[in-house]
1. How tilted is helix 44-53 with respect to the longest principal axis of the chain? Cα atoms for both, answer in degrees (0 to 90, nearest 10).
2. Which value at 222 nm does the chain reach when only helices count, each DSSP H run of 4 or more adding -39,500 (n - 2.57), with the total divided by all residues and rounded to the nearest 500 deg cm²/dmol?
3. Contact order normalised by length for the chain, with contacts defined as Cα pairs under 8 Å and 6 or more residues apart; what percent is it?
4. Which angle from 0 to 90°, rounded to the nearest 10, does the C-alpha axis of helix 76-92 make with the longest principal axis of the chain?
5. Could you put 33, 11 in order, starting from the residue whose Cβ has the fewest other Cβ atoms within 10 Å?
6. If Rh is defined by the Kirkwood formula over all Cα pairs and Rg also comes from Cα, what ratio Rg/Rh do you get for region 3-126?
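Where a number appears in this text, it was derived from the coordinates with a stated rule and is not lab data. As the structure is a computational prediction, the values presented were derived from the model and not from experiment. Positions of Cβ are generated from backbone atoms using ideal geometry, with glycine treated the same way; all protein chains shown enter the neighbour counts.
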């Protein structure tokens, strides 16, 4: 898979690649180098652990980092899920932990196709 195919697959998966690449001043290579790192921000297991431990600082930081990264990279579906998590958390802290967990599950489900595309690209690059 080459870069053009990666961009096409990301777009088909709902990533606003045009807007995201424009944030990188039109530098497609730079955008790709950043989106390849996105899975490192999708730490849903860690977020769940912080939720279970009611660790406000780490939970908030992990979700906030995911939201910012997804937003800058044009991954609107994950951005919106992370934003919903932050709104719920700011409103009720951990009082509605099941709702927070459900929102985390939604974000994780949204990330599956994107992760698959990025993993396939990584494998092609390494070959």
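1. Here the helix axis deviates by roughly 10 degrees.
2. Rounded to the nearest 500, it is -25000 deg cm²/dmol.
3. That works out to 31 percent.
4. 20
5. Neighbour counts put them in this order, fewest first: 33, 11.
6. Reported Rg/Rh, Kirkwood definition of Rh: 1.01.
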